[in-house]
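Have a look at the structure below, then the notes.
The values are calculated or read from the model by the stated rules, or taken from the named source; none is laboratory data. What you see is a predicted model, and the numbers here were worked out from it, not measured in a lab. Virtual Cβ from ideal backbone geometry, glycine too; neighbours counted across all protein chains shown.
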Amino acid sequence: MTNLRRLFLSFALFAAGLMGALPAQAQQPTWPSRPVRFIIPLGAGSGVDITARLLADKLSQKWGQPVVVENKPGGDAMLAITAVVNAHDDHVLLFAPASTFTAHPLLHEKLPYKIDDLVPIARVTNTLIAFGVPADLGVSTVKEFAAKAKAEPGKLNYASVTGANDLLFAAFLKTENLNVAKVPYRDTVQAINDLAEGRIQAFVGAYAIMRPRIQAGKVKVIALTNREHAKSLDTIPTAREAGFTSLEFDGLVGLLGPKGMPKAAIDRIAADIKEFVADPAINAKLVATGQVVNPGTGEDFAKDLKEQRDTVAQIGKVLGIKPAQ
């Protein structure tokens, strides 16, 4: 009788423990438990957009859930960022170049979000950022451009489309004491068209966007701002190699999620992205869009973002701009 009572008590305790565990399991389902959205602050066809769509296709197959890419350009990336932050949903993620938001504290007096509202999930690639000039400007290096600007003060113009790249170029001009006029643009494509036609003489932006005009012989790239030399563009020096460290800036691209995102989900996403970008077929497509495949963990991406924010803060000091945050 005693043994039967003990057996019954053991079973009762086991059943109670199992029932107690069910609600906790229900509250923490395996990620993803429903469709995932990648919000992009750029239009369709950009290198980042192509990257996101390539990965979305592969990830949806592995995760067993649809991965939808949603373009939300405009508002200096604020539309995309606030869409992610305000969703309060760990299935709504930001897929973006860091340069679209690391300069926000210098460009806006007040921000609709806090920096720690977004958690780094995975580093994916480094976009190649090019310093482009009209092919018929008569310069082939940054040194020659600087010499021309000094010889013709106030006669050269550069395109400004907002963001960290523009601040970088403005700080370069101030550091080198160059008098080059700023021409604001709302449309990057129009800026590059005017660069190709010689209506402006300088523009710093994604190599991929300039590539059609480069291939047409209308635009010449005289340096890349990236820290590492690009094997895919071996003949083009980095800004540091050209002797102008004030033009050094990496084109970080990665995935971010809302504050409170489960660590297990972050680690899984980063691992799966690393697996897929290592695929030679995907790797080749990404390189063709003017990117360097450089996957990393959330911690890797966080470290790189901090370095970029520090660089932007230093740019702000050079330009005399007080950050909003």
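Within the stretch 152-161, can one find any residue that is under 19 Å from Val48 (Cβ atoms), among the small types (Gly, Ala, Ser), touching a strand residue (DSSP E or B) at 6+ places or on another chain (Cβ under 9 Å) and not assigned by TED's automatic domain parsing to the domain that holds Ala103? Looking for residues that are under 19 Å from Val48 (Cβ atoms), among the small types (Gly, Ala, Ser), touching a strand residue (DSSP E or B) at 6+ places or on another chain (Cβ under 9 Å) and not assigned by TED's automatic domain parsing to the domain that holds Ala103, one finds none in the stretch 152-161, hence no. The residues of the stretch 228-277 that are in a loop (DSSP other than H, G, I, E, B) and within 19 Å of the chain's Cα centre (by Cα), listed by number, are Glu228, His229, Ala230, Glu248, Phe249, Asp250, Lys259.
For the stretch 43-52, which residues satisfy the criterion of being crowded, with 23+ Cβ neighbours inside 10 Å and within 19 Å of Ile121 (Cα to Cα)?
Looking only at the stretch 43-52, we keep the residues that are crowded, with 23+ Cβ neighbours inside 10 Å, and these are 47-48, 51-52.
Val48, Thr51, Ala52 - these are the residues of the stretch 43-52 that are crowded, with 23+ Cβ neighbours inside 10 Å and within 19 Å of Ile121 (Cα to Cα).
Here Glu144 passes the criteria (1) part of a strand (DSSP E or B); (2) outside the structural domain of Lys285 (by TED's automatic domain parsing) except the one numbered (1).
Which of the residues spanning the stretch 42-80 are in a loop (DSSP other than H, G, I, E, B) and without any contact (Cβ under 8 Å) to a residue 60 or more places away in the chain? Hits for the stretch 42-80 are Leu42, Gly43, Ala44, Gly45, Gly64, Gln65, Pro66, Lys72, Pro73, Gly74. With respect to the conditions (1) in a loop (DSSP other than H, G, I, E, B); (2) surrounded by fewer than 24 Cβ atoms within 10 Å (Cβ to Cβ), Ile200 falls short on a single one, namely (2). Looking only at the stretch 145-172, count how many residues are more than 24 Å from the chain's Cα centre (by Cα) and touching a residue at least 24 places away in the same chain (Cβ under 8 Å). The qualifying residues number 8.
Can Asp272 be described as out of contact with any strand residue (DSSP E or B) (no Cβ under 8 Å at 6 or more places or on another chain) and among the acidic types (Asp, Glu)? Give the derivation first.
Working: out of contact with any strand residue (DSSP E or B) (no Cβ under 8 Å at 6 or more places or on another chain): yes; among the acidic types (Asp, Glu): yes.
Yes; evaluated as a whole, the condition is true for this residue.
Screening Ser99 on (1) of a type in the set (Ser, Thr, Tyr); (2) more than 27 Å from Ile236 (Cα to Cα); (3) assigned to a helix (DSSP H, G or I) shows it passes everything except condition (2).
Whether any residue in the stretch 257-264 is small (Gly, Ala, Ser) and surrounded by 17 or more Cβ atoms within 10 Å (Cβ to Cβ) is what I want to check.
Let us first name the residues in the stretch 257-264 that are small (Gly, Ala, Ser), namely 257, 260, 264.
After this cut, where a residue has to be surrounded by 17 or more Cβ atoms within 10 Å (Cβ to Cβ) as well, the list is 257.
There is at least one residue in the stretch 257-264 that is small (Gly, Ala, Ser) and surrounded by 17 or more Cβ atoms within 10 Å (Cβ to Cβ).
Please verify whether the stretch 209-228 includes one or more residues that are surrounded by 17 or more Cβ atoms within 10 Å (Cβ to Cβ), of a type in the set (A, V, I, L, M), assigned by TED's automatic domain parsing to the domain that holds Ala196 and touching an Asp or Glu at 6+ places or on another chain (Cβ under 6 Å). Checked the stretch 209-228: no residue is surrounded by 17 or more Cβ atoms within 10 Å (Cβ to Cβ), of a type in the set (A, V, I, L, M), assigned by TED's automatic domain parsing to the domain that holds Ala196 and touching an Asp or Glu at 6+ places or on another chain (Cβ under 6 Å).
Yes/no matrix, rows are residues, columns are (1) within 22 Å of Lys306 (Cβ to Cβ); (2) of a type in the set (Asp, Glu); (3) modelled with pLDDT of 95 or more:
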site	(1), (2), (3)
Ala242	no, no, yes
Gly254	yes, no, yes
Gly257	yes, no, yes
Gly260	yes, no, no
Ala270	yes, no, yes
Lys274	yes, no, yes
Ile282	no, no, no
Val287	no, no, no
Gly290	no, no, no
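Please find, among Asp304, Asp250, the residue that is touching a Ser or Thr at 6+ places or on another chain (Cβ under 8 Å), under 28 Å from Pro105 (Cβ atoms) and touching a residue at least 40 places away in the same chain (Cβ under 8 Å).
Details: Asp304 fails: touching a Ser or Thr at 6+ places or on another chain (Cβ under 8 Å).
None of the others qualify; the one that does is Asp250.
Which ones in the stretch 278-299 are touching a residue at least 12 places away in the same chain (Cβ under 8 Å), more than 16 Å from Leu118 (Cβ to Cβ) and assigned to a helix (DSSP H, G or I)? Within the stretch 278-299, Ile282, Lys285, Leu286, Val287 qualify.
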